[in-house]
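S.K.: One structure coming up, written as C-alpha coordinates, with questions to follow.
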Amino acid sequence: MTLEEAKSDAQAIELEIAALIPADVVANVVQKPEGTLFSCDDAQHRWKGLTTVALVPGTDVEMIVKGVEAQMADDDRFEMRSWVDPAGEYTVQLTSPETAANFIFGEGTEEGTIDIDSGSECFTLPEGVYPGGKF
(Lines give C-alpha, C1' and ligand atoms only; values in the text may rest on other atoms or scores of the structure.)
Protein backbone atom coordinates (compact mmCIF):
# COMPACT_ATOMS: atom_id res chain seq x y z
CA MET A 1 0.00 0.00 0.00
CA THR A 2 1.34 3.43 -0.97
CA LEU A 3 0.42 6.81 0.49
CA GLU A 4 -1.54 7.62 -2.67
CA GLU A 5 -3.48 4.33 -2.53
CA ALA A 6 -4.23 4.73 1.18
CA LYS A 7 -5.47 8.29 0.68
CA SER A 8 -7.56 7.34 -2.36
CA ASP A 9 -9.18 4.40 -0.55
CA ALA A 10 -9.98 6.50 2.55
CA GLN A 11 -11.45 9.35 0.51
CA ALA A 12 -13.58 6.93 -1.52
CA ILE A 13 -15.11 5.48 1.66
CA GLU A 14 -15.69 8.99 3.08
CA LEU A 15 -17.76 9.75 -0.03
CA GLU A 16 -19.47 6.35 0.14
CA ILE A 17 -20.65 7.19 3.67
CA ALA A 18 -21.72 10.69 2.58
CA ALA A 19 -23.75 9.18 -0.28
CA LEU A 20 -25.88 7.27 2.27
CA ILE A 21 -27.30 10.55 3.56
CA PRO A 22 -30.65 11.24 1.86
CA ALA A 23 -30.05 13.65 -1.01
CA ASP A 24 -33.05 15.81 -0.09
CA VAL A 25 -31.37 16.90 3.18
CA VAL A 26 -27.87 17.51 1.76
CA ALA A 27 -26.97 21.14 1.09
CA ASN A 28 -23.39 20.33 0.01
CA VAL A 29 -20.51 17.92 0.48
CA VAL A 30 -16.94 19.17 0.89
CA GLN A 31 -14.06 16.73 0.90
CA LYS A 32 -10.75 18.23 2.01
CA PRO A 33 -8.21 17.57 -0.73
CA GLU A 34 -5.38 17.21 1.78
CA GLY A 35 -4.95 15.47 5.10
CA THR A 36 -2.18 14.70 7.54
CA LEU A 37 -0.12 11.68 8.48
CA PHE A 38 -0.20 10.01 11.88
CA SER A 39 2.12 7.26 13.11
CA CYS A 40 0.80 3.72 13.30
CA ASP A 41 4.07 2.47 14.76
CA ASP A 42 7.82 3.12 14.37
CA ALA A 43 7.78 2.23 10.67
CA GLN A 44 4.33 3.03 9.31
CA HIS A 45 1.85 5.90 9.01
CA ARG A 46 -1.82 6.38 8.22
CA TRP A 47 -3.42 9.17 6.24
CA LYS A 48 -6.15 11.12 8.09
CA GLY A 49 -8.77 13.06 6.15
CA LEU A 50 -12.16 14.73 6.45
CA THR A 51 -15.36 15.15 4.48
CA THR A 52 -18.06 17.50 5.77
CA VAL A 53 -21.71 17.23 4.73
CA ALA A 54 -23.78 20.38 5.28
CA LEU A 55 -27.44 19.58 5.85
CA VAL A 56 -30.54 21.56 4.97
CA PRO A 57 -31.42 23.80 7.94
CA GLY A 58 -33.75 22.12 10.41
CA THR A 59 -32.55 18.58 9.63
CA ASP A 60 -32.27 16.28 12.66
CA VAL A 61 -28.56 15.45 12.53
CA GLU A 62 -28.75 12.59 15.03
CA MET A 63 -31.56 10.94 13.06
CA ILE A 64 -29.45 11.14 9.89
CA VAL A 65 -26.35 9.73 11.63
CA LYS A 66 -28.41 6.83 13.02
CA GLY A 67 -29.88 6.25 9.55
CA VAL A 68 -26.42 5.98 8.00
CA GLU A 69 -25.40 3.68 10.86
CA ALA A 70 -28.37 1.41 10.11
CA GLN A 71 -27.43 1.27 6.41
CA MET A 72 -23.84 0.30 7.29
CA ALA A 73 -24.85 -2.30 9.91
CA ASP A 74 -24.62 -5.26 7.52
CA ASP A 75 -21.42 -4.11 5.79
CA ASP A 76 -19.00 -6.92 6.62
CA ARG A 77 -15.97 -4.76 5.79
CA PHE A 78 -16.35 -3.03 9.16
CA GLU A 79 -16.90 -3.55 12.85
CA MET A 80 -19.15 -0.82 14.22
CA ARG A 81 -19.57 0.92 17.54
CA SER A 82 -21.44 4.04 18.55
CA TRP A 83 -21.54 6.38 21.53
CA VAL A 84 -22.67 9.78 22.70
CA ASP A 85 -19.65 12.08 22.87
CA PRO A 86 -18.96 14.57 25.69
CA ALA A 87 -20.86 17.28 23.80
CA GLY A 88 -23.93 15.01 23.70
CA GLU A 89 -23.61 14.19 19.99
CA TYR A 90 -24.25 10.71 18.61
CA THR A 91 -21.09 9.33 16.96
CA VAL A 92 -20.38 6.15 14.98
CA GLN A 93 -17.05 4.47 14.29
CA LEU A 94 -16.41 1.93 11.55
CA THR A 95 -13.18 -0.08 11.78
CA SER A 96 -11.85 -2.59 9.29
CA PRO A 97 -10.78 -5.75 11.16
CA GLU A 98 -8.48 -6.58 8.24
CA THR A 99 -6.65 -3.26 7.77
CA ALA A 100 -7.48 -1.18 10.89
CA ALA A 101 -8.69 1.64 8.61
CA ASN A 102 -11.35 3.57 10.45
CA PHE A 103 -14.07 6.11 9.83
CA ILE A 104 -15.85 8.21 12.44
CA PHE A 105 -18.98 10.19 11.63
CA GLY A 106 -21.31 12.33 13.66
CA GLU A 107 -22.43 15.92 14.11
CA GLY A 108 -19.71 18.21 12.82
CA THR A 109 -17.94 21.12 14.39
CA GLU A 110 -20.33 23.45 12.57
CA GLU A 111 -24.00 23.23 13.50
CA GLY A 112 -26.09 21.35 10.95
CA THR A 113 -23.18 19.37 9.53
CA ILE A 114 -21.91 15.81 9.65
CA ASP A 115 -18.15 15.28 9.73
CA ILE A 116 -16.75 12.05 8.31
CA ASP A 117 -13.21 11.58 9.62
CA SER A 118 -11.05 8.89 8.08
CA GLY A 119 -7.89 7.03 8.99
CA SER A 120 -6.43 4.92 6.23
CA GLU A 121 -4.77 1.55 6.30
CA CYS A 122 -1.18 1.80 7.57
CA PHE A 123 1.59 2.10 4.98
CA THR A 124 5.33 2.73 4.79
CA LEU A 125 6.47 6.09 3.46
CA PRO A 126 9.10 6.09 0.73
CA GLU A 127 12.66 6.67 1.91
CA GLY A 128 13.36 10.36 2.53
CA VAL A 129 9.71 11.51 2.73
CA TYR A 130 9.15 13.68 5.79
CA PRO A 131 5.77 12.85 7.42
CA GLY A 132 5.00 16.44 8.54
CA GLY A 133 2.79 18.81 6.58
CA LYS A 134 -0.17 18.21 4.30
CA PHE A 135 -0.62 15.24 1.98
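The values are calculated or read from the model by the stated rules, or taken from the named source; none is laboratory data. These numbers were taken from a predicted model, which means no experiment stands behind them. Please note that ligands, DNA and RNA were not included when accessible areas were found on the heavy atoms of the full protein model with its side chains. Shrake-Rupley method; radii C 1.70, N 1.55, O 1.52, S 1.80 Å.
S.K.: List the lysines whose alpha-carbon lies under 16 Å from that of Lys32, not counting same-chain residues fewer than 8 positions away?
M.R.: Output for Lys32: Lys7, Lys48, Lys134.
S.K.: Using a 1.4 angstrom probe on heavy atoms only, work out the carbon and sulfur share of the accessible area of the chain in %.
M.R.: 51
S.K.: In units of 2.2 N^0.38 Å, what is the alpha-carbon radius of gyration of the chain?
M.R.: 1.07
S.K.: Next question. Given an 8 Å cut-off on Cα distances and at least 6 residues of separation, report the relative contact order of the range 14-75 as a percent.
M.R.: In percent, rounded to a whole number, it is 37.
S.K.: Moving on to the next point. At 1.4 Å probe radius, can you tell me the per residue accessible area of the chain in Å²?
M.R.: 56
S.K.: How far is the Cα center of the range 79-127 from the Cα center of the range 38-55, in Å?
M.R.: 9
S.K.: Sequence gap at least 6, Cα distance under 8 Å: using those rules, report the relative contact order of the chain to the nearest whole percent.
M.R.: The value is 32 percent.
S.K.: Next question. Quick one: compute the contact order of the range 63-106, relative version, from alpha carbon pairs under 8 angstrom and 6+ residues apart, as a percent.
M.R.: Here the relative contact order equals 32 percent.
S.K.: So which aspartates and glutamates pass the test for Lys66, namely a Cα distance under 13 Å, with those fewer than 8 places away in the same chain ruled out?
M.R.: Lys66 reaches Glu89, Glu107.
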